[in-house]
Amino acid sequence: MNANELACLARQRLSEKRFKHVEGVAKTAQALALQYGADPEKACIAGWLHDLERETPHSQAAAAARAAGIEDESLYKNAMLLHGPLASCRARAEWGIEDEEVLQAVYAHTLGDDTMALLTCVLYLADGIEPGRSYPGVEQLRKTAQEDLYLAVEQALLGSMEHLQNSGKTPHPQSARALERIRAIRKEAKQ
Ligand SMILES: [Fe+2]
Ligand SMILES: [Fe+2]
């Protein structure tokens with residue numbers, strides 16, 4: 001599917017509010033890609049794809065994820081952790097998406113991953129700063145995103161981990177590994 005077809009699919013699958021979010025992420029990811037040298041078309045497609053499973057009830061998502069062969073048991077604790085990996089699997093199997101960078105960006109958009117490739121960073125950040133987002137610190141994060149992609153991704157990851165900790169939840173270990181990777185990328189860039 002191309003971006004237009006995915007937009008139609010999002011329209012069918014998502015509430016109006018979530019559709020607006022996904023549209024905002026697609027546009028923001030495209031703009032970040034243009035700014036930082038990623039492929040804007042891939043970024044847009046990843047944006048449209050990323051939350052297509054976000055409104056699937058947990059039991060249904062878990063069954064679909066098992067059928068799709070997702071083996072990481074830590075993802076099955078809540079639908080929030082499962083929706084990215086499941087969207088990625090369905091994108092490959094059913095929605096005609098073959099691009100590995102896009103599939104990985106979608107897979108990792110909630111927790112990050114060990115690689116934090118450019119397109120993964122672009123989608124992760126776009127998800128956090130699209131125009132419909134409103135939370136303390138988002139304006140500053142938008143500003144940082146204009147100046148330094150990896151610094152903004154580091155701050156977004158830290159912010160989401162702190163948010164979880166403040167509400168008494170333990171961040172998934174994958175986020176800590178993603179943060180480590182971003183810090184290593186930033187260090188390499190300075191050398
Ligand atoms: Fe999501
Ligand atoms: Fe999202």
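Pairs of lysines in the chain whose Cα atoms sit within less than 29 Å of one another amount to 18, provided the residues are eight or more positions apart or on different chains. Here the ratio of the Cα radius of gyration of region 1-87 to 2.2 N^0.38 Å is 1.15. What the Cα convex hull of region 125-189 gives, in volume per residue, is 82 Å³. Projecting the Cα positions of ILE97, LEU49, THR170 onto the charge dipole of the chain (unit charges on Cβ atoms of Lys, Arg, Asp and Glu, taken about the Cα centre) puts THR170 furthest along the positive direction.
Only the Cβ atoms of Lys and Arg (+1) and of Asp and Glu (-1) were treated as charged; on that basis the dipole of the chain about its Cα centre amounts to roughly 500 debye.
The gain in end-to-end length when the HIS58 to ASN4 segment is fully stretched comes to 16.7 nm, 0.36 nm per residue minus the alpha carbon separation. Note on region 28-44 and region 63-82: Cα centroid distance 29 Å, given to the nearest whole angstrom.
Rounded to whole numbers, the Karplus 3J(HN,Hα) couplings from phi for region 26-33 are 4, 5, 5, 5, 4, 5, 5, 4 Hz, using 6.51 cos²θ - 1.76 cosθ + 1.60 with θ = phi - 60°, and x at Gly and Pro.
Based on DSSP H segments of at least four residues, each scored -39500 (n - 2.57), the chain has a per-residue ellipticity at 222 nm of -22500 deg cm²/dmol. Inverting the pair-averaged 1/r between distinct Cα atoms of the chain gives 16.6 Å as its Kirkwood hydrodynamic radius.
Computed from the coordinates by the stated procedures, all read-outs in this text should not be read as laboratory data. Every value quoted in this text rests on a predicted model; they were computed, and no experiment measured them. We place every Cβ from the backbone using ideal geometry, glycine too, and count neighbours over all the protein chains shown.
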